[in-house]
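Down below is the structure, laid out as structure tokens.
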Amino acid sequence: MYGRQTDRQIDMLLIITSISLNDVYEFVQPMTPKESAVAKSTGYQDEYAASEQDSALFRVLSSKRKISKNDANYINHTKDYANKDESKCSKCKFNLGDERKCLVVEGEIDNDHGISRFFSPKGVGMLPGDIVWDFIKKTGRKLNYDEGYVINEGAEGFQCRDCKYYTYSHKCLLIKGLFAPQMSCGYIVKNGNGTDI
Ligand code: SF4
């Protein structure tokens with residue numbers, strides 16, 4: 001979903017600035033809070049470990065309506081506070097870092113300074129994708145394509161080909177539609193993680 005520089009543009013950058021390829025790579029990549037990708041897609045939680053925060057996502061899926069910032073007690077910390085605290089949106093398993101969105105709280109969120117009462121770090125409760133799977137088993141309703149936060153190309157290691165919900169027929173067990181191996185979504189669970197399916 002992000003535009004990339006062409007090889008020629010990258011060559012020009014190298015010539016003009018004489019900076020290293022690593023520096024160029026950093027420059028052309030979107031700023032991605034990788035912690036949130038890891039938090040939402042890896043872990044060994046089971047379905048009996050569902051937390052209060054997980055119930056909130058279940059309610060959002062059922063109602064197709066997110067929780068307002070007000071009801072979620074969402075606030076933006078000051079810069080100084082956020083620097084000292086690991087409890088922030090980019091560390092949360094509900095975080096959609098690139099989109100500056102949350103799976104539970106409505107509106108745009110601040111990855112570095114935002115926090116709500118639904119903050120859920122890696123290892124707490126179930127993985128978001130597993131909550132969706134639980135939701136599908138209980139309601140029989142698969143998510144529509146536009147509910148899945150689907151992107152055309154996920155980060156290396158966080159693509160459909162790495163996900164336990166991907167099938168050989170390019171389908172997804174959670175979301176309706178067809179998916180190329182390099183695609184990704186907001187509910188990816190890496191192979192070997194989370195609950196048994
Ligand atoms: S869309 Fe892709 S990454 Fe997302 S749950 Fe389905 S298979 Fe996994």
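Cα-Cα over 19 Å: which of Lys34/Lys88; Lys66/Lys93; Lys69/Lys176?
Those over the limit are Lys69/Lys176.
Can you list residues whose amide H is under 5 Å from Ile151's amide H, if they're 5+ apart or on another chain and H is modeled 1.01 Å from N?
Ser184, Cys185
Residue by residue through segment 151-156, what is 3J(HN,Hα) from phi via Karplus (6.51 cos²θ - 1.76 cosθ + 1.60, θ = phi - 60°)? Round to whole Hz and write x for glycine and proline.
10, 6, 8, x, 5, 3
How large is log10 I(q)/I(0) at q = 0.14, 0.22, 0.24, 0.29 Å⁻¹ when the Debye formula is applied to the Cα atoms of segment 91-143, each weighted equally and without solvent?
Calculated log10 I(q)/I(0) at the listed q: -0.41, -0.86, -0.95, -1.13.
Each reported figure results from applying straightforward, stated rules to the coordinates on display, with no laboratory input. Here the structure is a predicted model, which means the values were calculated and not measured.
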